[in-house]
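The structure appears right after this line, and notes come after that.
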Amino acid sequence: MIYLDNAATTRPCDEAVKAASDAARDTFANASSLHKMGINSEKLINNAKQVILKRLGCEGELLFTSGATESNNLALFGIAEAYKRRGNTIISTAAEHPSVARALDRLEKLGYNVIRLAPKDAPDNFEEYIFNAITPDTILVSCMTVNNEIGYITDTPKLYRMIKRKYPDVIFHTDAVQGFCRILAAGDLISVSAHKVHGFKGIGALYAARGVRFAPMIYGGGQQKNLRSGTEPIELIAAFSAAVEAYPTDNSHYDTLNKLLRDRLSALPNVKINSPRDRGISGILSFSVDGVHSEIMLHFLEEEEIYVSSGSACSKGKVSSVPDAFGISAKDADSTIRVSFSHENTAEDIDKLVNRLEQGIKRFRR
Amino acid sequence: MKEVIMAKYGEIALKGLNKSTFEDILVKNIKRRLKPLGEFEYTRRQSTIYIEPIGEFDLDPAVKRLCTVFGIGAVQRCAVYEKDMDVIKAKCPEYLRDTLEAASTFKVEAKRSDKSFPLKTPDIQVELGDALLDAFPHLKVDVHEPQVTVFCEIRDKGAYVSAGRTAGAGGIPVGSSGKALLLLSGGIDSPVAAYMMAKRGLIVDGIHFQSPPYTSERALMKVQTLCEKLTAYCGDIKLYCVPFTEIQEALRDNCPEEYFTVIMRRLMMKIANRTAESYGYGALVTGESIGQVASQTLRAIQCTDAAAKFPVFRPVIGMDKKEITDIARKIDTFETSVLPYEDCCTVFTPKHPKTRPVLSEIEKAESAFDFQPLINEAVENMTVYRYKVGE
């Protein structure tokens, strides 16, 4: 099996599996319980928070959620509600993941003025482009760190600095799911997910800088400072933290694989690379095979147990509007293949992938 | 209190000397459908099957299942009393309480097939109506459009009282008309076609054409789900899955593009012929509706039919999409059918298909390549899946 769909999800690493099973056996108590066992659970959670905060390079609050979809929803709805007296405008991009995009659609229906900027209108200085769109009425800017479909990077540390210098009251949120553990993200609020970094599905986190207020979405026992009720899933948290600790700090392996695949693809006829060379994350490479519908190529690769994605795995057959935001034509979008690496992939995997792609192009392009 | 379900015959009540053949099949079908729910005793009398639970359990699931058995015109859940008007009047208000308390108007409809019962039909209606008005003073009688109709039937073995009947699935029992092979793509129309033919008593099995890698595993899963859902109406279903990729590729490489769809349909028919011959099917069924797409014009159907060796039934031929969709929702296949996976019919769809193909031209185009070896291979490599009712 050659698994090249790591932007969809990753295989839980051994460290994460062990941490989850250890926690389930030894540290299973409810962190809210007053007894010693409860305190041990609380300690484990606090320790996990520190590990994740350290990797984010941030100091502040960290809330565990059911995943990045919840983190994004909590950030957007929470801020919109908490700061609605300040203004009515939310600035975001046309390339966001559906968990941001659909939440923004909903906020628009509730009366907020939502502006969606497309990277294709300012591919080289997108940060300035977003910054310049801020109005006195703006309460929130939300921009993803790395686009999940083509890997385009927005320099969020730069954008965050620019915003805070001129508009200290505007809240900046970033969906950092795809960049987490690989490139630095910055913001008042940052969403991350465990299963993209070899943790388990069903858990994510939302970082919040000190002093940022937001309204909770889930009410109940008042866990996590009343901001996210529900018993903390200690096994998942333990695995999340273990996965982050085990995640390589060096990106050179991805860079090498990326360069190798790029070079091999550029030698193939009718293949067009969609991921930007200078501001694309090395873990994701998206390309279009002219004239071959992505799903057909995907199933053809699958016959050799090579697993990739067509565009974004979340959409499963649905048409995404994201390619258009990057100026990718509908025709190219229809034939898009997304390859995404983990540290487990090898040069040999790339070799097998490209060989099979070549066969596919011969068979399907008529 | 004793409670029974009465399954009243639909069309088979009209049958003549061969009636008992249909009845036997119907009873067999009902038994299979109800078996997982518990033990029942079955009695046939006066165009009705009396289904009596042995032991105490909730009858609602049984009623629900019976409503999808073809051959039943109406399903009625009733209490059984001795044939004594005083007993009926005393006992039935309690049995009808839940229904009547929620209603504001009602009427009583009586039937007296046991002519030895002392009261005549109108008298039964009046007496029972009075008793119910006494028990539920908020009720009013409305003989034209009552919210609840209370049925009281005096039959040979007892008096049966119920608070309304549910329409059955109608039709004639599955298995009373032979068996047919359905071309099942996974769209909205073919499951509806299966339902319609099962209603006419046919055992319907499916044949599905798979074209990996052009179609995904999920397209097959979708068809399998549809078969599972169809068992509620059709009984046990067999699904023949035919590997179709090589045939489609040969078609693409050797025949003119505008004829792809029609020739593909013809090749499917040829494979279906072979399957029908080997396994004893007497007809083919498709979900074609005239004018819906290019392969479903009159001319295209003429060309497709010319390749079929069996009668081809197209039960939805005269229905529009809305009518088909309504049935698909009723039989719960719609949600599955609209899942967005490619099926073999959408692979290599020509940009401008011929809407008025001429048979001789099609046959000529088709003869440019010898499909027979590929057809043989496809038939040999067919996979068969089985779906059992009510599991």
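5 Å is the cut-off here: which amide hydrogens, built 1.01 Å from N in the peptide plane, fall below it relative to residue B:72, excluding neighbours closer than 5 in sequence?
B:10, B:169, B:170
Using amide H atoms built 1.01 Å from N in the peptide plane, name the residues 5+ places from residue A:145, or on other chains, whose amide H lies under 5 Å from its own.
A:175, A:176, A:177
Cα convex hull of chain A: mean projected area in nm², to one decimal?
With every direction weighted equally, the projected area is 18.0 nm².
Select from chain A the helices, each a whole stretch of DSSP H, whose alpha-carbon atoms run 24 Å or more along the helix axis and whose Kyte-Doolittle mean is at least -0.5; answer none if there are none.
A:36-56
Once each part is reduced to its C-alpha centroid, what is the distance from segment B:128-154 to segment B:279-306 in angstrom?
Between the Cα centre of segment B:128-154 and that of segment B:279-306, the gap is 52 Å.
Could you give the distance between the Cα centres of segment A:154-180 and segment A:124-143, to the whole Å?
Each part's Cα centre sits 9 Å from the other's.
Going out from 0 in 20 Å bins, what whole percent of all Cα-Cα distances in chain B drops into each bin?
Spelled out bin by bin, chain B gives 25, 44, 23, 8, 0 percent.
Report D for segment B:193-340 in µm² per second (integer): Stokes-Einstein, Kirkwood Rh on Cα pairs, 37 °C, 0.692 mPa s.
Diffusion coefficient, whole number: 202 µm²/s.
From the helices alone, meaning DSSP H stretches of at least four residues, give me the mean residue ellipticity at 222 nm for chain B, per-run term -39500 (n - 2.57), in deg cm²/dmol to the nearest 500. Write out the running numbers ahead of the final one.
Values: 13 runs with 154 residues, N = 391.
Taking each H run of at least 4 residues, the total per residue is -12000 deg cm²/dmol.
Calculate for chain A the 222 nm mean residue ellipticity that helices alone would give, adding -39,500 (n - 2.57) per DSSP H run of length 4 or more and normalising by residue count, nearest 500 deg cm²/dmol.
-12000 deg cm²/dmol
Is the shape of segment B:132-238 best called rounded, prolate or oblate, per the rule: a/c under 1.5 gives rounded, else a/b larger than b/c gives prolate, else oblate, with a ≥ b ≥ c the square roots of the Cα gyration tensor eigenvalues?
prolate
Report, in degrees rounded to the nearest 10, the 0 to 90 angle that the Cα long axis of helix B:321-330 makes with the longest principal axis of chain B.
Relative to chain B, helix B:321-330 is tipped by roughly 50 degrees.
Relative contact order of chain B, please, whole-number percent, based on alpha carbon pairs below 8 angstrom and at least 6 residues apart.
Once divided by the residue count of chain B, the mean separation gives 17 percent.
Helix B:217-234 sits at what angle to the longest principal axis of chain B, using alpha carbons and giving 0 to 90 degrees rounded to 10?
Roughly 40 degrees, rounded to the nearest 10.
If the cut-off is 15 Å between C-alpha atoms, which aspartates and glutamates fall inside it for residue B:229, apart from same-chain ones fewer than 8 positions away?
Result set, ordered by chain and number: B:189, B:205, B:332, B:335, B:391.
Counting other Cβ atoms within 10 Å, keep those with at most 11, restrict to DSSP loop, and tell me which chymotrypsin sites (Phe, Trp or Tyr not before Pro) in segment A:218-296 are left.
In loop regions of segment A:218-296 (DSSP not H, G, I, E or B), the sparsely surrounded chymotrypsin sites (Phe, Trp or Tyr not before Pro) are A:219.
What shape does the protein assembly as shown take by its C-alpha gyration tensor, where a ≥ b ≥ c are the square roots of the eigenvalues and a/c under 1.5 counts as rounded, a/b above b/c as prolate, and the rest as oblate?
oblate
Please work out the C-alpha center-to-center distance from segment B:186-210 to segment B:1-50 and express it in whole Å.
Segment B:186-210 and segment B:1-50 have Cα centres spaced 25 Å from each other.
Taking a ≥ b ≥ c as the square roots of the eigenvalues of the Cα gyration tensor of segment A:108-227, is the shape rounded (a/c under 1.5), prolate (a/b larger than b/c) or oblate?
Working: a/c = 1.78, a/b = 1.20, b/c = 1.49.
Taking the square roots of the gyration eigenvalues as a ≥ b ≥ c, segment A:108-227 is oblate.
Which entries in the list B:89/B:157; B:199/B:330; B:157/B:199; A:196/B:222; B:28/B:179 go over 22 Å, if you measure between the two C-alpha atoms of each? Walk me through the numbers on the way to the answer.
Details: B:89/B:157 18 Å; B:199/B:330 14 Å; B:157/B:199 31 Å; A:196/B:222 29 Å; B:28/B:179 17 Å.
Going by Cα-Cα distance, B:157/B:199; A:196/B:222 fall outside the 22 Å limit.
Need one number: nm distance between label points at residue A:113 and residue A:278, each 7 Å from Cα along Cα→Cβ, rounded to one decimal.
Those two pseudo-labels are separated by 3.3 nm.
Would you please report the Å³ per residue occupied by the convex hull of the alpha carbon atoms in segment A:153-294?
160 Å³
State the antiparallel share, in %, of DSSP beta bridges confined to chain B, rounding to the nearest 5. Don't skip to the end; give the middle numbers.
On the way: 34 of 59 bridges.
Approximately 60 percent, going by the DSSP bridge assignments.
Based only on other Cβ atoms within 10 Å, what is the fewest-to-most ordering of B:156, A:255, B:236?
Fewest to most other Cβ atoms nearby, the residues stand as B:156, A:255, B:236.
If r is the Cβ-Cβ distance from residue A:106 to residue A:330 and R0 is 22 Å, what FRET efficiency results, to the nearest 0.05?
0.25
Every number here is computed from the coordinates shown, using simple stated rules; none is lab data. Since we're looking at a predicted model, the values are computed, not measured. So basically every Cβ, Gly included, is an ideal-geometry build from the backbone, and we count neighbours across all protein chains shown.
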